[in-house]
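Each value in this text was obtained by applying a stated rule to the coordinates, not by laboratory testing. Quick caveat, the model's predicted, so the values are computed rather than measured. Positions of Cβ are backbone-derived with ideal geometry, glycine not excepted, and every protein chain shown enters the neighbour counts.
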Amino acid sequence: MTTTTPPPLALTMGDPAGIGPDLTLALWTARKALSLPPFLFIGDGDVLRQRARALGLDVAVAAAEPETAARLFPEAIPVLASDCTVPAVPGMPDSRNAAAVTGAIETAVALTLAGRTSAVVTNPIAKAVLYEAGFGFPGHTEFLADLSAEAAGGRVPLPVMLLAGPKLRAVPVTIHIPLKDVPAALTEDLIVETAAITERDLRLRFGIARPRLAVAGLNPHAGEGGALGLEDDAIVRPAVERLKAAGIDAVGPLPADTMFHDAARATYDVALCMYHDQALIPAKALGFDTSVNATLGLPFIRTSPDHGTAFALAGKGVARPDSLLAALRLAEELARNGQAMKEAR
Ligand SMILES: NC(=O)c1ccc[n+]([C@@H]2O[C@H](COP(=O)([O-])OP(=O)(O)OC[C@H]3O[C@@H](n4cnc5c(N)ncnc54)[C@H](O)[C@@H]3O)[C@@H](O)[C@H]2O)c1
Ligand SMILES: N[C@H](C(=O)O)[C@H](O)COP(=O)(O)O
């Protein structure tokens, strides 16, 4: 049994013009009532100060390092600087601040890989704003995988996006690609590798002894015997057979339209879906305020709220912090499980 205090969570700024600062302030303000896990905010302290003023909140912000964050947390939001180039205006994103946004993510990953913070929790970014500044990744998920290459032995690991909520866990096998490109990107190997990472992380990090995987078909009615598409029998079914042969509890391909109602969800621990919206529509419909986006397959823990930057709500104090709270709590729990696993070895 260890008695040492775990390192704080690394919370990135996200887009400084979005709701990330509002949510960070709202949660920190309620830290005592929520028993909020201590975090180190990596971003621009002035963004927090200005947003707090606009929202009429009495919030202190203090420069910190991972080692001082937990001590400071009761009195001030501990901040490690990743400063904006131009002042952030709520609701008006500016690609000149892209370096501060991506730099915060890089710092959070480096600190977590070094064991100085216990997990990465990301506030939402606006992809299009970063693309304007030359950001070369579809989203956090792919960027985080790229940042993990050295720690993963020199190869960029396959990142797996898990939307986890009280009513549903769902994984899209293909992630941020246009719908028209999905059939070509979907391979037996990709399904098997994604499923294997999902199964392993649910077992080792989430503590589910024998995860049950439900694999969705790609086409209507899982292809209806080939009449409505060939991929289900040619790609998805053989992948499920390989998973079963490897001892993984997997069923499918299942018609996607009937696998998300209450009784169907009770039969599995995670739905493996073939494309982004097949997974994220049911996940957000069933738990927009409570679901968390977690990245599996990385050498560190990363969670995020399941929503985006919601620019129209930024600076208004009306955005719900529930999903960010769930992300912080899940990161803390997964980090604790990881620590317990290490100590049990
Ligand atoms: N984790 C992430 O970084 C992440 C996740 C999703 C979307 N995004 C990005 O966010 C940007 C905006 O995307 P979008 O408009 O599709 O999705 P969004 O989640 O920002 O907004 C969708 C709707 O939900 C509302 N909403 C979102 N969060 C809310 C909250 N906490 N409380 C109350 N209402 C909330 C918004 O006002 C809007 O009506 C895009 O650039 C997208 O790429 C980022
Ligand atoms: N696809 C995610 C969603 O819609 O919630 C979102 O874009 C976040 O993805 P990253 O975590 O890769 O930024």
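Stretched out straight at 0.36 nm per residue, the stretch from Leu179 to Thr68 would grow longer than its current Cα-Cα span by 35.4 nm.
When N is the residue count of segment 49-163, what does its C-alpha Rg come to as a fraction of 2.2 N^0.38 Å?
Values: Rg = 15.8 Å, N = 115, 2.2 N^0.38 = 13.4 Å.
In units of the globular-protein estimate, segment 49-163 measures up at 1.19.
With all pairs of different alpha carbon atoms counted, what Kirkwood hydrodynamic radius in Å does the chain show? It works out to 20.7 Å.
Distances between placed amide hydrogens fall under 5 Å for Asp249 paired with Leu213, all partners being 5 or more residues away or on another chain. Counting neighbouring beta carbons within 10 Å and listing from fewest to most, the residues Val121, Val192 come out as Val192, Val121.
Site pair His261 and Ala81 shows an inter-label distance of 5.9 nm when each label is modelled 7 Å from Cα along Cα→Cβ. The tail of the calculated P(r) for segment 256-308, taken as Cα-Cα distances beyond 13 Å, holds 66 percent of the pairs.
Averaged over residues, the count of other Cβ atoms within 10 Å places the peptides 245-252, 75-82, 216-223 in the sequence 216-223, 75-82, 245-252, highest first.
Please compare each pair in Lys127/Lys284; Lys32/Lys316; Lys127/Lys180; Lys167/Lys316; Lys244/Lys284 to a cut-off of 27 Å on the Cα-Cα distance and tell me which ones are over it. Walk me through the numbers before you get to the answer.
Values: Lys127/Lys284 19 Å; Lys32/Lys316 23 Å; Lys127/Lys180 20 Å; Lys167/Lys316 30 Å; Lys244/Lys284 29 Å.
Table pairs above 27 Å Cα-Cα are Lys167/Lys316; Lys244/Lys284.
Modelled label positions at Ala285 and Ala60, each set 7 Å beyond Cα in the direction of Cβ, lie 4.8 nm from each other. Peptide packing for 287-297, 228-238 was compared via the average number of neighbouring C-beta atoms within 10 Å per residue; ordered from the highest value, the list is 287-297, 228-238. Normalising the Debye intensity of segment 160-297 to I(0), with uniform scatterers on Cα atoms only, and taking log10 at q = 0.10, 0.13, 0.19 Å⁻¹ returns -0.28, -0.48, -1.08. Taken over the alpha carbons of segment 130-198 as equal point scatterers, the Debye sum produces base-10 log I(q)/I(0) values at 0.12 Å⁻¹ of -0.39. Label positions at Lys244 and Asp277, each projected 7 Å from the Cα along the C-beta direction, are separated by 3.2 nm.
For the chain, averaging the sequence separation of C-alpha pairs within contact (under 8 Å, six or more residues apart) and dividing by the residue count gives a relative contact order of 22 percent. Evaluating 6.51 cos²θ - 1.76 cosθ + 1.60 at θ = phi - 60° for every residue in segment 151-160, the Karplus couplings come out as 5, 8, x, x, 10, 5, x, 6, x, 10 Hz, glycine and proline recorded as x.
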